[in-house]
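S.K.: For reference, the structure I am asking about is given below.
The values are calculated or read from the model by the stated rules, or taken from the named source; none is laboratory data. Here the structure is a predicted model, which means the values were calculated and not measured. Here the Cβ positions follow ideal geometry from the backbone for every residue, glycine too, while neighbour counts run over all protein chains shown.
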Amino acid sequence: MYFPVFVQGLVLSFSLIIAIGAQNAFVLRQGLRREHVGSIVLFCAMTDAVLIMAGVMGMAQALGNNPGLARVLALAGAAFLAFYGLQALRRARYSQQLQAAKGEAGLSRGAAMAQAVAFTLLNPHVYLDTVLLIGSIGAQQPAQLRGWFVLGGSTASLCWFGILGFGARWLAPFFAKPKAWQILDGLIGLTMWVLAAVLVRHVVNGF
């Protein structure tokens, strides 16, 4: 029974973090340069794991004695996922690409970590995605399965940043192709709609 919950956390987290953005471009750049890759990947993944756990546990406590609020948040989450999916499908119609900046001087470990902290923690979307959205969905899982949901979300983050950082030299040509991102955005959009439908079904069935 734990495996579907693990997969739900995995898929949801993957769908939210795989997007063209400053943090992903930074990790890709460091991977191409082979500078402090392990430290940066570990920091980004651990930060996501902590935020996801805080979101799930905090939301679980807040929703524990308030099923009405749980339904409202579930519907709000479904609406957000549907909107996010629509945005992804719209992005799929246009050419985009993820490029790492070139021609810049190398960074010391301290400077690289400072940039990783800024790109991660100064982005308001990271809190919306991990604490609020993933947290509220994970909190609606049975208490004994929430850990598996957190593990799924954390695994997705570790895998994605590991792929970006350690596989950068092989994957950079792929990420530079607009068509690849159009296909990826299309898949993300459809996944978001499926997850939104699952949330609505939970509300209809009374969780």
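S.K.: Give the residues of the stretch 139-162 that are of a type in the set (S, T, N, Q) and more than 23 Å from Leu75 (Cβ to Cβ), sorted by residue number.
M.R.: Once the filter is applied, which keeps residues that are of a type in the set (S, T, N, Q) and more than 23 Å from Leu75 (Cβ to Cβ), the stretch 139-162 yields Gln144, Ser154, Thr155, Ser157.
S.K.: Which of the helices (runs of 4 or more DSSP H) found entirely inside the stretch 119-207 contain at least 2 residues meeting this: surrounded by 17 or more Cβ atoms within 10 Å (Cβ to Cβ) and at pLDDT 80 or above? So that I can check it myself, show each step before the final result.
M.R.: On the way: elements: 135-139, 146-166, 168-175, 178-204.
The qualifying helices (runs of 4 or more DSSP H) are 135-139, 146-166, 178-204.
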